[in-house]
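The values are calculated or read from the model by the stated rules, or taken from the named source; none is laboratory data. Here the structure is a predicted model, which means the values were calculated and not measured. With ideal geometry, Cβ positions are generated from the backbone for all residues, glycine too; neighbour counts draw on all protein chains shown. Just the protein is used for accessible areas: all its heavy atoms, side chains included, with ligands, DNA and RNA removed. Shrake-Rupley method; radii C 1.70, N 1.55, O 1.52, S 1.80 Å.
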Amino acid sequence: MPPDERSIIHVDMDAFYASVEQRDRPELRGAAVIVGGLGPRGVVSTCSYEARRFGVRSAMPTVQARRLCPDGIYLWPRMERYAEVSAQVFNAFHEVTPQVEGLSLDEAFLDVSASLRLLGPVEVIGRRIKDSILERTGLVASVGMGPNKLLAKLACELSKPDGFRRITRHNAAGELAPLPVGRLWTVGKVTEQALHRLGIRTIGELAACDTLRLAGALGRQAGAMQALARGEDDRRVESDQVEQSIGAERTFDVDVADLALAQSWLLRHCERIAAQARHRGLSGRTVTVKLREPPFVTHTRQAQLGTPSASVSEIHAVARRLLEFWWQKQGQPRLRLLGVSLSGFAEAPQRDMFGTTPRERVADQVQDRINSRFGSGSLVRAGVLRTRGQD
Ligand SMILES: [Mg+2]
């Protein structure tokens, strides 16, 4: 599914730690509750909406909060308790999709694209999550919905507290345009000031600004930032449930005795598993090659990558060394089966939006795009072509 047509939900509990305290201790309800470090250098973790009326905010020094709100109730965090409640909240997420990316104890992205057919439109799913959290925990969650992470999170933020809002591709520009540029994801203080110097104060002005002029001030991040300002964002929801291994193998009708042909199959397998890993947002460290000689003598050879990867060239370089080394040692082997798998997964590192893009990564991305449009195997590396006609 193209990244822009997904249904993403962002859920964030309202004043989570403070709400748990108010729920557990009814005498605190309606009071200004501040949870955080209470020592001289402590900072506020969370405060109730009653405390926010006094100007108290999270990440503020507790000393400053005490000046603003001297009659507030100040509490140390009880992380174990919050973790228990968090588990109940995440159970509610997993009832609608396995595609859950937790951002903290009380915040997550959910990709519900595959759940729509079964559970109904995104608003129905969003409402179900909100109700189910309230029922299980007695706590209020804000829910934002959108075609990508950027817009889902923004919908949540704009409707808090007790939020429930959907931003669609259709109304995205109108919702974004009047907001201050500092609200845009990736725009920090320094960038915000640079934009202000250009006379750009709103996200709408950023989207409309001449790209060359913007690039003069911000360098090559200008284009990516304008895409965000238009509400475009292709980051995937990186599910927390990591798989054991991704593999591809082939049993040959005729045993393969030709190293070049075996290499061709190896590359084809590497393309397939690397694409699957990228699709699921995973990178693996361990490459395993499986080799079976007739009738059923199976060998496996394994090696580690320097860093976890989902790149065809990196996985293939290791797999190829394993195959060639084995081949030489065996003398004149024949292969009944050849397989490659990737395991030892770490979550793919957050994509470096503005970093350089190595040529190989571009090749992988182009291949993914064409194959998702025209069907798996539409675009393959030249080295794979020898395996054609044997399907
Ligand atoms: Mg929260």
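Averaging the Cα positions of each part gives two centres, and for the range 37-58 and the range 268-323 these lie 50 Å apart. For the chain, the fraction of C-alpha pairs more than 39 angstrom apart is 34%. Mean sequence separation of contacting Cα pairs (under 8 Å, at least six apart), scaled by the length of the chain, corresponds to a relative contact order of 14 percent.
3J(HN,Hα) along the range 294-311: x, x, 9, 8, 10, 10, 10, 10, 9, 8, 9, 7, x, 9, x, 8, 10, 8 Hz, from the Karplus curve 6.51 cos²θ - 1.76 cosθ + 1.60 with θ = phi - 60°, whole Hz, x for Gly and Pro. One chain, two ends: THR300 and SER343. Fully extended at 0.36 nm per residue, the span grows by 14.1 nm beyond their Cα-Cα distance. Using a cutoff of 8 angstrom between alpha carbon atoms and counting only pairs six or more residues apart, the relative contact order for the range 7-144 works out to 30 percent.
Annotation: HIS316 carries an accessible surface of approximately 30 Å², with a 1.4 Å probe and no ligand, DNA or RNA atoms counted. Each part reduced to its alpha carbon centroid, the range 222-237 and the range 148-162 end up 16 Å apart. Rolling a 1.4 angstrom probe over the range 174-229 with all protein chains present gives an accessible area of which 56% lies on carbon and sulfur atoms. Given +1 at the Cβ of Lys and Arg, -1 at the Cβ of Asp and Glu and no other charges, the dipole of the chain around its Cα centre is 720 debye to the nearest 20. The residue list ALA194, PRO178, LEU151 was ranked by how far each Cα lies along the charge dipole of the range 124-231 toward its positive end, using unit charges on Cβ atoms, and LEU151 comes out on top.
Accessible surface calculations at 1.4 Å, restricted to protein heavy atoms, place the chain at 51 Å² per residue. Sparse packing (at most 16 other Cβ atoms within 10 Å of the Cβ) combined with a DSSP loop state is found for the following trypsin sites (Lys or Arg not before Pro) in the range 37-105: ARG41, ARG53, ARG57, ARG78. Here the 3J(HN,Hα) profile of the range 62-78, calculated from phi with Karplus coefficients 6.51, -1.76 and 1.60 at θ = phi - 60°, is 4, 4, 5, 4, 5, 5, 6, 9, x, 9, x, 9, 9, 10, 6, x, 10 Hz, Gly and Pro shown as x. Largest mean-square fluctuation among GLY182, GLY174, GLY39, in a Gaussian network model of the chain whose springs join Cα atoms under 10 Å apart, belongs to GLY39.
Think of each Lys and Arg Cβ as +1 and each Asp and Glu Cβ as -1; about the Cα centre, that makes the dipole of the range 7-144 roughly 440 debye.
Extension gain, ARG381 to HIS279, is 34.9 nm, computed as 0.36 nm per intervening residue step minus the present C-alpha separation.
Helix content alone sets the calculated 222 nm mean residue ellipticity of the chain: runs of n ≥ 4 DSSP H residues at -39500 (n - 2.57) each, divided across all residues, give -12500 deg cm²/dmol.
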